[in-house]
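Notes follow once the structure below has been shown.
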Amino acid sequence: MYNITGGLLPDENLPGSFFLQNVIAYATGFITPCFFPYYVHKAFALEKMRFHAFKGVYLFLILPYFLFVVVFAITEKLEDAKDLLALPVVYALWVIISMIKAIRYKYKKDFSSRESKEEMTVLLISLTPWVMLPVIDFFNMGQGTEACITNIGFLSLFALQMKRHIHEMRAEHNRLVESQKELQNWNSNLTNEVTKRTKELEIINQQRTNTLVNLAHETKTPLTLINNYLEEYIQKTTPSEELNIVKRNINKLSSDIVNLFDIEKFNKGFAVYNHNQLCNFSDILKDSMALFEKYAIDLEIKIEVSIHQGIIIQADPLSINRIINNLIENAMKFSEANDTIEIALSKNDDGDIQFIVSDRGIGIPLNMQAKIFEPYYQLNSQKANTQGMGLGLPIVKKVVEELNGKIYINSNPQKARGTKIKISLKAYKNTNSEPLNAAIVKAPSIQLPLLTPTDKVVDKERFTVLVIEDNIAMINYLTNKLSEKYNVLVAMNGSDGLRKLKEVKVVPDLIVTDIMMDKIDGYEFAKIISKSEQFAHIPIIFLSAKAALKDKLQGLKLGAIDYVPKPFSIAEFLYKVDSILTYAGKQKRSILNMTFDRVSSNGTSHQKIQVSSFELNCDLYNLTARERDIAKLICQGQKYKDIGGALFIAERTVTKHAQNIFEKLQVSNKIELINKLEYSQTA
């Protein structure tokens, strides 16, 4: 733009007046120098040029130009207007000096370096003509001279910028190359470190696995001896419930050890079974059913069996027996009284064996059907007395895979109860001349449900102990031991324990509770009763398999008088109970004596302290804040619709909360609900 206007204007042959052409020509001559302070400030990082880039050019170039136009328009004499160029000329010298100072400031100690000298020289050569445009115009040095000088300066500036740009590109390229080399070295080192660490972890894992397998292997021998000697002892003596409990738990421990040992052998790729044998699947299942039907009668479960005869398979008979036992045991574990289990063995037209076990139990959610074949995975997240280590189905899957078979699960608890498991195996066809191994039947390890313990209140003068434990065998054991000297109240979990405290007429003198339980655990139970004025004084002993220091500290922090880790000595435990209750008795007598003495001395009558019945009962039945609000309005006789309006919730939400309240309090109508929440004993 500058070269065109400065080279052509003014020209009488072009359109426009002499005044307008000069105004345009001088405009480009002024505007172009205005850009260069900003350019060097940004392109060459000259911070000291900031004033000229954003303020100086407007004050000393743009403003004089407007004055130039005004004077030229008034006088119509270009020479008179040129006198105003004196101010831009002085400003041009100021800009050059400022640029030198800016370069000095930029390089500071390295001002004498080649780079700084080169930059200063080229910038002076390049920018001086542009900044000195007003000088050239003022002295009428001619448009040709002006154009040559300014364009040479521009080309010099462009060459410097291109050189710097190329230098920066090369430096960036070298940095990228170096970074790539460093990254490659880092990746190589990281790969080596990961490989090294992986090998170390594999060795550690292998050592742990070997230790576990060796432990399981070494445990099998003493368990076998214990089991055999116990069997002989039981045959020689009169059967008792205690011996049956010992026998049952030894059998469970033996089964868990065998499963643990076998799953590790499977994972290591060791052969567990010899499948180069032929066996009669039908006979193995038939012989096994004789044992399962006996257990089914005790569990009040009905079994429907359909067995096609003469189904031969090439497999280890022990592996077939294991498939049968695991599937039927699981079906019986998750079935309830009066349920029906269907068992079918058949062979389809393709010659495949179909073994199907169906039950009416809780079912297996779709998202868990793949996980149940993972070792140690528990289907039921809650604790259960019949729950094992989660190794049965993983072993079944391993055996089925060894036999090139498939296993299918059909279950959807959201639609209907029950689970159907089907195993498909290849039948053996050429059986005419092949000898068959006898069917080896191993007794299933089903544990018959123990009788639920009941309260044992013998003498009201005795101390009373509330035992809360969800393992039936353990609570039976503790009840039998404690009932020799104390009254015993039993509860299967924290929620049951709170209900027991509310319903019994005698306040317990001691509470013995497990920690890991369904619904309300031991810690939560302790927190709830600690807020009750009626029960906060009762000493608590925690019994738990959680033996870490933080667990003990948490229990003691909640106010427990003792924390006993399992396994424990029953003799030591009974001594602790006796010591605590004896001390509690002395303390009660002392308090009573002091109270009577004080009453006698003051001549005042004993007054009963009324307890906030509703809030206390809500705590005992573990009602939530929302459930308390709804229960309070129900007790006031309001309808569900009115309650919803008062609490700004839907009527069906109120109905759902009310159902939960009725279930927690075990009542069937509003009258029973009011009686349980509005009334309590006085303290």
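Backbone phi angles across the stretch 88-103, fed through the Karplus curve with coefficients 6.51, -1.76 and 1.60 (θ = phi - 60°), yield HN-Hα couplings of x, 5, 4, 5, 4, 5, 4, 5, 5, 4, 4, 5, 5, 5, 5, 5 Hz in residue order; Gly and Pro are listed as x. Under a 5 Å amide H to amide H cut-off, with H placed in plane at 1.01 Å, what residues pair with Asp562 once short-range neighbours are removed? The list, which skips near neighbours in sequence, is Ile540, Phe542. Here the spin labels are modelled as points 7 Å beyond Cα on the Cα-Cβ line, and at Gln638 and Val90 they lie 8.8 nm apart. Structure note, pairs Lys302/Lys397; Lys333/Lys566; Lys247/Lys481; Lys371/Lys546; Lys236/Lys302; Lys550/Lys632: Cα-Cα distances above 30 angstrom occur for Lys236/Lys302; Lys550/Lys632. What the Cβ-Cβ distance of Gln309 and Lys422 gives, at R0 = 22 Å and to the nearest 0.05, is a FRET efficiency of 0.65.
Determine the alpha carbon to alpha carbon distance for each of Lys456/Lys527; Lys576/Lys664; Lys456/Lys519; Lys502/Lys576 and list only those over 30 Å.
Beyond 30 Å: Lys576/Lys664.
Length gained on full extension, His173 to Thr238, computed as 0.36 nm times the residue gap minus the Cα-Cα distance: 14.1 nm.
A DSSP coil position with no more than 14 other Cβ atoms inside 10 Å describes the following trypsin sites (Lys or Arg not before Pro) in the stretch 614-670: Lys639. Across the stretch 613-678, the relative contact order, built from alpha-carbon pairs under 8 Å that are at least six residues apart, equals 42 percent.
How do the peptides 414-421, 396-403, 315-322 rank, highest first, by the average count of neighbouring beta carbon atoms within 10 Å per residue? Please list the in-between numbers first.
Numbers: 414-421: 15.6, 396-403: 19.6, 315-322: 22.8.
With the highest mean Cβ count within 10 Å placed first, the list reads 315-322, 396-403, 414-421.
Within the stretch 173-194, whose backbone N sits under 20 Å from a point 7 Å along Cα→Cβ of Glu200? Flagged as within label range: 186-194.
In this simple spin-label model, placing a label point 7 Å from the Cα along the Cα-to-Cβ direction at both Lys48 and Ala650 gives a separation of 7.6 nm.
Where in the stretch 309-330 is the amide nitrogen less than 14 Å from a point lying 7 Å along the Cα-to-Cβ axis of Asn276? Label zone hits: 315-316. The distance between label points at Ile671 and Ala548 comes to 5.2 nm (points 7 Å beyond Cα on the Cα→Cβ vector). Using C-alpha pairs below 8 Å separated by at least 6 residues, the relative contact order for the stretch 2-141 is 24 percent. In terms of the Cα gyration tensor, with a ≥ b ≥ c the square roots of its eigenvalues, is the stretch 1-105 rounded because a/c is under 1.5, prolate because a/b exceeds b/c, or oblate? Because a/c hits 1.5 or more and a/b exceeds b/c, the stretch 1-105 counts as prolate.
In summary, the aspartates and glutamates within cross-link reach of Lys398, defined as a Cα separation below 12 angstrom excluding same-chain residues under 8 places away, comprise Asp262, Glu264, Glu374. Distance from the C-alpha centroid of the stretch 629-683 to that of the stretch 14-79: 87 Å, rounded to the whole angstrom. Before anything else, pin down the relative contact order of the stretch 273-426: Cα pairs under 8 Å, at least 6 apart, normalised by residue count, whole percent. So the answer I get is 23 percent.
Basic side chains Lys and Arg get +1 at the Cβ, acidic Asp and Glu get -1 at the Cβ, and with that the dipole of the stretch 4-84 about its Cα centre reaches some 560 debye.
The separation of the stretch 147-209 from the stretch 448-505, counted between C-alpha centres, amounts to 74 Å. For the stretch 144-155, the Karplus equation 6.51 cos²θ - 1.76 cosθ + 1.60, evaluated at θ = phi - 60°, returns couplings of x, 4, 4, 5, 5, 5, 5, 6, 4, x, 4, 5 Hz by residue, with Gly and Pro reported as x.
FYI, it's all coordinate maths here, none of it is from the lab. Here the structure is a predicted model, which means the values were calculated and not measured. Note that each Cβ is placed from the backbone with ideal geometry, even for glycine, and that neighbours are counted across all protein chains shown.
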